[in-house]
1. Over what distance in Å are the Cα centres of the range 201-233 and the range 129-182 separated?
2. Within the range 191-233, what residues put their amide N at less than 14 Å from the label point 7 Å along the Cα-to-Cβ vector of Ile15?
3. Could you go through the range 152-157 in sequence order and give the Karplus-derived ³J(HN,Hα) for each residue, using 6.51 cos²θ - 1.76 cosθ + 1.60 with θ = phi - 60°, rounded to whole Hz, and x for Gly and Pro?
4. Helix 126-135 versus the longest principal axis of the chain: what angle, 0 to 90°, nearest 10, using Cα atoms?
5. For the range 15-91, what relative contact order do you get, as a whole percent, if you take Cα pairs closer than 8 Å and at least 6 residues apart?
6. Gly119's amide H: which non-local residues (gap 5+, or another chain) put their own amide H closer than 5 Å, with H modeled 1.01 Å from N in plane and none for Pro or chain starts?
7. Determine the distance separating the Cα centre of the range 1-59 from the Cα centre of the range 76-96; give it in Å without decimals.
8. Can you tell me how much longer the chain between Lys169 and Leu51 gets when fully stretched, taken as 0.36 nm per residue apart minus their C-alpha distance, in nm with one decimal?
Amino acid sequence: MKLVSFDVWNTLLDINLMLDEIAIAIAKISGQCIADVTLAIMNARAEIKELRKEKKGNPERALEESQELLAEILGVDVEIIKRAASQAVLNVNRDIVMEGALETLQQVKSKGYTTITVGNVMFWPSTYTRLILERFGLAEFIDKQFYSDEVKAYKPMREFFEKALSYFKVKPEEAIHVGDTKAEDFEGALKAGMWAVWINPDAEGVKRIHERGFEVPSVEGLLEVLERIKSQE
């Protein structure tokens, strides 16, 4: 194993805290009820995820599609969505870093693996995600970041993973991806020929659920998975 790929949201960073800040900002700017805004965000996310799962979304407009859909549901100009996302980035604090995320990144890097992120975007551009990772010290342990608005592909598309691997000239079987979404992260990575780790908070410890796949209760479980794979090599 040479390369470890991380999903970002709900793997390294808590997306619920980011979405809460966006909802607060939208409600403040537009004058709408925060409960209605929160529901709209949930509905928009579900619709976008379903489109991507079925590969019906436009990879060239991965960011714009989600922003425009949320704006349409709320009945506001898309500029409000963009402003709210900007305010959210300014307002989030260190609590946004998932428990064990920084420590896991540090340990993976100390073991000599190449570390990358492979992340989808929704409602805010990848530059904002990069800023948060920098602000709270995670980016220091990531060799390169790949995002759907930059690569023009999104998970679970095979080509998204392949573009990241080809940059480092790493074969799929020499790489492992960890993320919280079974369809996008786990199944997407497996279809690309990689090893995969699914973060399932309901999992009871580290469990092998596929020839090249594992289930873990948190990102920290990745360290045990790497040790298990290493012992087999």
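Each value in this text was obtained by applying a stated rule to the coordinates, not by laboratory testing. Quick caveat, the model's predicted, so the values are computed rather than measured. So basically every Cβ, Gly included, is an ideal-geometry build from the backbone, and we count neighbours across all protein chains shown.
1. 19
2. Those under the cut-off are 199-201.
3. Whole-Hz 3J(HN,Hα) from phi for the range 152-157: 6, 8, 9, 5, x, 4.
4. Roughly 70 degrees, rounded to the nearest 10.
5. For the range 15-91, the relative contact order is 42 percent.
6. The answer is Phe146, Tyr147, Ser148.
7. 12
8. Working it through step by step, the gained length comes to 39.4 nm.
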